[in-house]
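Please treat every number below as a calculation from the coordinates, not as lab data. Treat the numbers as computed from the prediction; the structure is a model and nothing was measured. As a convention, Cβ positions derive from the backbone with ideal geometry for all residues, glycine included, and neighbour counts pool all protein chains shown.
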Amino acid sequence: MAALHITDIESAINWWRERSPSPDGITACAEVRALGTVYALMVYYHEVECDEATMPAKARDAWLAWYASTPDAPCIAICSTSQGDDICKGCGRTFDEVQHWPVMTPAEKRGTWRRITMEGTAWRFNKYAERAREGSPRAEEPPTPDAAAA
């Protein structure tokens, strides 16, 4: 199984904190507590990755709920691997990653996302960044009150 990076655990914690805020400023929801335990152990042992297979079930379920809220594929519909490139100019994935994406685990996909984001050389991060934003569920903003009334 693939490893989850500590930044994904942090992102999941923050997503849950926003989704289920503390009612009193002290207590956290069960998902934040489960992910927080994993995060604390990673920090304590100076680990930057944890194995998704050995995560406690509640923490893994909370992470998977966050994962489901993120865009699945980095594709921006400009695939140069179909033209023979080993690495897609559009999304930054390797030919094998593009071919095996449907069967990759969530952690494997997040590992690919992390790599292409850190490299930042794919067109989705520069030349066609607006195309990547258009395909992202997070890019959609709620309508303004004026627009909703029209």
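Only counting other Cβ atoms within 10 Å, I'd like Val98, Val43 sorted with the fewest neighbours first.
Fewest-to-most ranking of Val98, Val43: Val43, Val98.
³J(HN,Hα) across the range 24-41 via Karplus (A = 6.51, B = -1.76, C = 1.60, θ = phi - 60°), whole Hz, x for Gly/Pro?
Running phi through 6.51 cos²θ - 1.76 cosθ + 1.60 with θ = phi - 60° gives 10, x, 10, 7, 10, 5, 4, 5, 5, 5, 5, 5, x, 5, 4, 4, 4, 5 Hz.
Determine, for Leu64, Leu4, the number of other Cβ atoms within 10 Å of each Cβ, and report the residues in order from fewest to most.
Leu64, Leu4
Considering only the other residues whose Cβ falls under 14 Å of the Cβ of Pro102, what net charge follows from Lys and Arg at +1 and Asp and Glu at -1?
Overall, the nearby charge balance is -2.
What does the chain give for Rg and for Dmax, in Å, if only its C-alpha atoms count?
Cα only, the chain: 17.8, 56 Å (Rg, Dmax).
Find how much the distance from Ser20 to Ala53 grows on full extension, using 0.36 nm per residue of separation minus their present alpha carbon separation; answer in nm with one decimal.
So the chain would gain 9.3 nm between Ser20 and Ala53.
For the residues Cys88, Cys50, Cys79, what sequence is obtained by ranking on other C-beta atoms within 10 Å, fewest first?
Least to most surrounded, the residues fall as Cys79, Cys50, Cys88.
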